[in-house]
Amino acid sequence: MGKLLQLLAHPTELVAAVKILGFRQPLHPHKIDPNDTDLIRCYELLNLTSRSFAAVIKELHPDLRDAIMIFYLVLRALDTIEDDMTIKPAVKVPLLRSFDGKLDTNDWTFDGNGPNEKDRAVLVEFDKILRVYHRFKPEYQAIIKDITKKMGNGMADYILDEDFNVNGVVSVKDYDLYCHYVAGLVGEGLTEFLVLVKFGDQSLSANNFEKAESMGLFLQKTNIIRDYHEDLEDGRSFWPKEIWAKYTDELPAFHNDPSKEFDGVSCINELVLDALGHVTDCLEYLSLVKDPSSFSFCAIPQVMAVATLAEVYNNPKVLHSVVKIRKGTTCKLILQSRTFPGVVQIFKHYIQVINHKSSVKDPNYLKIGIKCGQIEQCCEMLYPNKDALPPNMTTVPENKYTKTIAAREKVDASIQRIVEQEEFNFNVVIFSIGALILGLIYFVRN
């Protein structure tokens with residue numbers, strides 16, 4: 001009932017929800033052989049772990065769909081081991097380090113998770129995941145196995161750091177490295193898939209996957225900032241001491257001591273400033289994804305992240321609860337993020353929200369303003385506002401993104417036709433319902 005009231009209070013979000021549920025057309029309808037029980041069960045496990053990810057994965061191009069699904073489940077299994085505080089380090093660390101070797105087997109499973117671990121089924125039924133994994137061509141298997149090995153060993157390194165789960169990472173450099181292991185590597189693996197099947201520009205794999213790294217770090221850092229209170233309740237934290245120690249001697253003080261609220265919010269804002277440093281790379285990465293379904297898969301988490309970042313920025317509620325964006329907002333973002341111009345407009349909007357929420361009392365007020373200005377400038381270069389051109393200028397001046405923009409227009413044109421058809425179908429239905437209601441009113445009155 002609460003979510004329904006939220007939608008009714010925000011009419012544009014209600015319209016977006018109706019469009020998503022009844023009018024949005026998947027680019028690649030998902031069909032599975034009803035006799036393929038292993039593949040069917042893997043998609044069921046995907047639904048159990050994340051409905052939002054499941055929805056976008058199912059709409060991926062058939063050349064990537066199953067591989068990305070298994071890639072996600074394998075890493076989810078790894079994360080479920082790392083995240084389970086009931087598994088002792090003596091068991092957890094060797095398991096994480098050797099996890100990539102399990103991919104060479106056909107029937108390995110694990111039932112050592114705590115009974116309350118919500119994703120334990122992924123490990124209990126890991127043999128089904130393995131059987132589907134072994135169907136893939138060697139290049140696909142190699143990507144999944146390589147990322148699994150890097151991630152498992154990275155996670156293990158942090159578990160061996162006894163101070164880590166209590167006080168978080170020490171430096172911002174350590175913070176970046178942790179986010180690299182748990183999220184940046186996911187971006188690296190996804191990029192390898194995109195480049196392999198020519199759905200992404202070859203340049204995405206250059207410079208040690210720098211832009212892909214930013215994609216992962218932006219998502220992970222946003223989640224870490226948002227989850228301060230939830231992580232604190234679990235007896236751990238991931239905020240870097242190099243930042244929080246500027247504002248308090250003990251990290252839990254932000255929650256426990258009312259007098260530390262301003263300092264806690266200032267710390268949040270500095271963490272947001274750090275996360276914003278990845279935005280330009282994220283936008284450039286998205287501009288180089290050529291396949292429409294892969295673009296949506298990459299773009300949706302990013303627009304959710306920037307919307308969440310705007311929600312947590314300068315927000316003391318983060319210190320006492322988990323702050324999330326509304327479901328209706330999610331629906332609007334999903335619909336608007338199907339084209340690159342739509343993504344750029346979303347980022348520009350939420351960067352402006354962050355800028356407007358800034359307080360002159362904040363220690364990083366000027367730095368936040370400068371960073372927001374830089375991102376807005378990047379947005380303007382990636383998607384120029386032609387209506388804002390001076391009267392004597394008929395074309396947008398060339399910049400370093402000009403060729404990329406031209407290539408994007410071809411990709412977005414196909415999506416725009418689908419969007420326009422959905423809009424037409426929606427308007428026809430609304431018009432028909434309106435006409436029917438008016439007809440009934442006329443009939444009753446006469």
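The values are calculated or read from the model by the stated rules, or taken from the named source; none is laboratory data. Every value quoted in this text rests on a predicted model; they were computed, and no experiment measured them. No Cβ is skipped: glycine too gets one built from the backbone with ideal geometry, and neighbour counts run over all protein chains shown. For accessibility, only protein heavy atoms count, side chains too; no ligands or nucleic acids. Shrake-Rupley method; radii C 1.70, N 1.55, O 1.52, S 1.80 Å.
Do we find that ASP104 is assigned to a loop (DSSP other than H, G, I, E, B), open to solvent by 80 Å² or more (accessible area, probe 1.4 Å), farther than 27 Å from LEU232 by Cα and at pLDDT 95 or above in this structure? Spell out how you get there, then give the answer.
On the way: assigned to a loop (DSSP other than H, G, I, E, B): yes; open to solvent by 80 Å² or more (accessible area, probe 1.4 Å): yes; farther than 27 Å from LEU232 by Cα: yes; at pLDDT 95 or above: yes.
Yes, satisfied.
For segment 84-99, give me the residue count where each residue is assigned to a helix (DSSP H, G or I), farther than 12 Å from TYR158 by Cβ and not polar (S, T, N, Q).
Of all residues in segment 84-99, those assigned to a helix (DSSP H, G or I) come to 89-99.
The next check asks that each one be farther than 12 Å from TYR158 by Cβ; those that pass are 90-91, 94-95, 97-99.
From what is left, the residues that are not polar (S, T, N, Q) are 90-91, 94-95, 97, 99.
The number of residues fulfilling the criteria is 6.
Take the conditions in a helix (DSSP H, G or I), at pLDDT 95 or above, hydrophobic (A, V, I, L, M, F, W, C) and crowded, with 23+ Cβ neighbours inside 10 Å and apply them to PHE193. Does it pass? Spell out how you get there, then give the answer.
Values: in a helix (DSSP H, G or I): yes; at pLDDT 95 or above: yes; hydrophobic (A, V, I, L, M, F, W, C): yes; crowded, with 23+ Cβ neighbours inside 10 Å: no.
Here the answer is no, as PHE193 does not meet what is asked.
Take the residues in segment 314-333 that are closer than 23 Å to THR12 by Cβ and not β-branched (Val, Ile, Thr); name whichever of them is most open to solvent (accessible area, probe 1.4 Å). Outline the logic, then answer.
To start, the set of residues in segment 314-333 that are closer than 23 Å to THR12 by Cβ comprises 315, 323-333.
Retained after the next criterion (residues that are not β-branched (Val, Ile, Thr)): 315, 324, 326-328, 331-333.
Working: ASN315: 21, LYS324: 140, ARG326: 82, LYS327: 123, GLY328: 2, CYS331: 26, LYS332: 80, LEU333: 7 Å².
In this case the residue turns out to be LYS324.
So, ASN116, is that one more than 22 Å from VAL186 (Cα to Cα), assigned by the TED database to the domain that holds LYS58, of a type outside the set (Asp, Glu) and touching a Ser or Thr at 6+ places or on another chain (Cβ under 9 Å) or not? Working first, answer last.
On the way: more than 22 Å from VAL186 (Cα to Cα): yes; assigned by the TED database to the domain that holds LYS58: yes; of a type outside the set (Asp, Glu): yes; touching a Ser or Thr at 6+ places or on another chain (Cβ under 9 Å): yes.
Yes: the conditions hold for ASN116.
Taking only segment 408-446 into account, find how many residues are more than 24 Å from TYR285 (Cα to Cα) and either in a helix (DSSP H, G or I) or small (Gly, Ala, Ser) (or both).
We begin by selecting, within segment 408-446, every residue more than 24 Å from TYR285 (Cα to Cα); these are 420-446.
Okay, now just the ones that are also either in a helix (DSSP H, G or I) or small (Gly, Ala, Ser) (or both), so 420-445.
Adding up the residues that qualify gives 26.
Do we find that LYS211 is of a type outside the set (A, V, I, L, M, F, W, C), open to solvent by 10 Å² or more (accessible area, probe 1.4 Å) and not in a helix (DSSP H, G or I) in this structure?
no
Condition check ((1) under 25 Å from VAL303 (Cα atoms); (2) touching a Gly at 6+ places or on another chain (Cβ under 8 Å)) across all residues:
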position	(1), (2)
GLU188	yes, yes
VAL195	yes, no
ALA206	yes, no
GLU210	yes, no
GLU213	yes, yes
LEU217	yes, yes
GLN220	yes, yes
ASP231	yes, no
ASP234	no, no
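If you go through segment 1-47, how many residues are in contact with a helix residue (DSSP H, G or I) (Cβ under 6 Å, 6 or more places away or on another chain), at pLDDT 70 or above and outside any loop (DSSP other than H, G, I, E, B)?
Number satisfying all stated conditions: 8.
Just to verify a result, which residue in segment 254-271, among those that are crowded, with 18+ Cβ neighbours inside 10 Å and of a type in the set (A, V, I, L, M, F, W, C), is modelled with the lowest pLDDT?
For segment 254-271, the residue satisfying everything is PHE254.
Please tell me if GLY184 is in contact with a strand residue (DSSP E or B) (Cβ under 6 Å, 6 or more places away or on another chain) and either surrounded by 22 or more Cβ atoms within 10 Å (Cβ to Cβ) or assigned by the TED database to the domain that holds VAL289 (or both). Please lay out each step first, then the result.
Details: in contact with a strand residue (DSSP E or B) (Cβ under 6 Å, 6 or more places away or on another chain): no; either surrounded by 22 or more Cβ atoms within 10 Å (Cβ to Cβ) or assigned by the TED database to the domain that holds VAL289 (or both): yes.
Considered against the rule, which asks whether it is in contact with a strand residue (DSSP E or B) (Cβ under 6 Å, 6 or more places away or on another chain) and either surrounded by 22 or more Cβ atoms within 10 Å (Cβ to Cβ) or assigned by the TED database to the domain that holds VAL289 (or both), GLY184 comes out as no.
Residue-wise test of (1) under 16 Å from LYS102 (Cβ atoms); (2) open to solvent by 50 Å² or more (accessible area, probe 1.4 Å); (3) of a type outside the set (Phe, Trp, Tyr).
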residue: ASN47; (1), (2), (3): no, yes, yes
residue: SER52; (1), (2), (3): no, yes, yes
residue: LEU64; (1), (2), (3): no, no, yes
residue: ILE68; (1), (2), (3): no, no, yes
residue: PHE71; (1), (2), (3): yes, no, no
residue: ILE81; (1), (2), (3): yes, no, yes
residue: ASP84; (1), (2), (3): no, no, yes
residue: PRO89; (1), (2), (3): no, yes, yes
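Does SER358 qualify as being open to solvent by 30 Å² or more (accessible area, probe 1.4 Å), within 27 Å of ASP257 (Cα to Cα) and of a type in the set (S, T, N, Q)? Even if it seems obvious, please write down each step before you answer.
Details: open to solvent by 30 Å² or more (accessible area, probe 1.4 Å): no; within 27 Å of ASP257 (Cα to Cα): yes; of a type in the set (S, T, N, Q): yes.
No, not satisfied.
If you go through segment 318-341 one residue at a time, do you hit one that is of a type in the set (S, T, N, Q) and modelled with pLDDT of 95 or more?
no
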